[in-house]
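Here is the structure we will look at.
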Amino acid sequence: MADLQARTGEDKRATEVPVLRWEEPPEGPVLVLLDQTRLPSEEVELVCTDAPALVEAIRSLAVRGAPALGIAGAYGVALAAARGFDVDEAAQALAGARPTAVNLSVGVRRARDAYHAALARGGDAGQAAAAALAAARQLHREDAEASARMAEHGLALLDELLPGGGHRILTHCNTGALVSGGEGTAFAVALAAHRQGRLRRLWVDETRPLLQGARLTAYEAARSGMAYTLLTDNAAGSLFAAGEVDAVLIGADRIAADGSVANKVGSYPLAVLARYHHVPFIVVAPVTTVDLGTVDGTSIEVEQRPGYEVTEVLAPQAQVSGAGSGIPVAPLGTQAYNPAFDVTPPELVTAIVTEEGAVSPVTAEGLAELCGKAGHARA
């Protein structure tokens, strides 16, 4: 895996720097990723030539966000197949790279199943690799289409809950084009409101410990010309108390069968604040993020991140990951509790918005019906 190039220019939209793309140079196929650990200071691309390089990119958060991880996982299987590596071994490594994000394993499985189905039909290795790549490309297209539909459904719900426009939306982590084949999940809804003149203010949680709101959501909001303000995570309560938040919009990395939502750590406290202050708390995610095989929130595996992400802060221009790359802010040897996600119970979620529509109130029955409608049934 290597840097491909750095891009410059202040006027380009985020969607003009693709999150990931498949390329076929003379030396063999590669998966090219926008390295999100280098944003917002520079736009640098990474080239992955095999599944281990992609696994490392996923673990380091060079590529991240539930839908994008699903797409990356599918392309990773296709890459292993095209380059003649062990497809099942690559699939297993990719699927386990980020355990909480269910889309990753879904994307891996789709490409792997397409590969084996082609072999079962009598195809050779080349035809099976082509089938895996076709599955990855189809998932990429589907996610872009789902993003557009989520934005439409989400804006309709906002207008129903908050008639009159002028929405002041609080969001957490990053849910825009950087996590998607399209314009994102929760951020796409806010962007749709902005384009129709109905967004008064986007409140952006900085999102500790990796500052994905400050680095990435603010980056996307600025490039889209949105009115936005950055705040520390623990300042959100004062915003609610001042009556400055009309709705909370977040994404999800896994939604259990009962409607429990795993999202970037800090989401659950926002749900509690929103309930106390009678503010809608809305989750926006594609149907592929719903895992009917996970019964409830207690069954969701929550990834634990390295302690140095809490005990150090990044030096200017430093990459996001890597022990010792930041400035120590705690005594040497300090232990850190650093879960990547927390889980919000369904009773605190006003609605879950998907490309197939919204579920409100959030119930197991409503989610199952929506997934069945989408042809998305996982045991």
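Bear in mind that the values in this text are calculations on the coordinates, not laboratory data. Please read all numbers here as calculations on a predicted model, not as lab measurements. Here the Cβ is made from the backbone with ideal geometry for all residues, glycine too, and neighbour counts use every protein chain on show.
Considering only the other residues whose Cβ falls under 13 Å of the Cβ of residue 131, what net charge follows from Lys and Arg at +1 and Asp and Glu at -1?
My count for the surroundings of residue 131 gives +2.
Put the Cα centre of the stretch 155-199 next to the Cα centre of the stretch 16-81 and the gap is 26 Å. For the stretch 147-373, calculate the relative contact order in percent as a whole number, restricting contacts to Cα pairs under 8 Å that are 6 or more residues apart. Averaging sequence separation for qualifying contacts and normalising by length gives 21 percent for the stretch 147-373. Helix 102-120 sits at what angle to the longest principal axis of the chain, using alpha carbons and giving 0 to 90 degrees rounded to 10? Tilt of helix 102-120: around 20 degrees.
Tell me the net charge near residue 166. Cut-off is 14 Å between Cβ atoms, residue 166 excluded, with +1 for each Lys or Arg and -1 for each Asp or Glu. Before the final figure, lay out the partial values.
Working: positive: 168, 198, 200, 201; negative: 159, 244, 246.
Net charge around residue 166: +1.
Against the longest alpha carbon principal axis of the chain, how many degrees, from 0 to 90 and to the nearest 10, is the axis of helix 186-195 turned? Result, in degrees: 70. Taking only Cα atoms, what is the 0 to 90° angle, nearest 10, from helix 364-373's long axis to the longest principal axis of the chain? Helix 364-373 and the main axis of the chain meet at about 50 degrees. Of the GluC sites (Glu not before Pro) found in the stretch 35-71, those that fall in a DSSP loop while having at most 12 other beta-carbon atoms within 10 Å are 42.
Looking at the chain as a GNM with Cα springs under 10 Å, which of 329, 44, 362 has the largest mean-square fluctuation? With Cα springs under 10 Å in the chain, the top fluctuation among 329, 44, 362 is at 329. Here residue 156 and residue 241 are evaluated by their C-beta separation; at R0 = 35 Å the FRET efficiency comes out at 0.75. Between residue 330 and residue 227, the distance separating the two model label sites (each 7 Å from Cα on the Cα→Cβ line) works out to 3.9 nm.
Every helix of 4 or more DSSP H residues in the chain counts as -39500 (n - 2.57), and over all residues that averages to -11500 deg cm²/dmol at 222 nm.
Express the relative contact order of the chain as a whole percentage, based on alpha carbon pairs under 8 Å and six or more residues apart in sequence. If you can, show how the numbers build up before the last one.
Details: 839 pairs, mean separation 56.5, N = 379.
Normalised by residue count, the contact order of the chain is 15 percent.
Quick one: net charge around residue 346, please, counting Lys, Arg +1 and Asp, Glu -1 for every other residue with C-beta under 11 Å from its C-beta.
Values: positive: none; negative: 258, 296, 347.
That sum, taken over residues with Cβ under 11 Å, equals -3.
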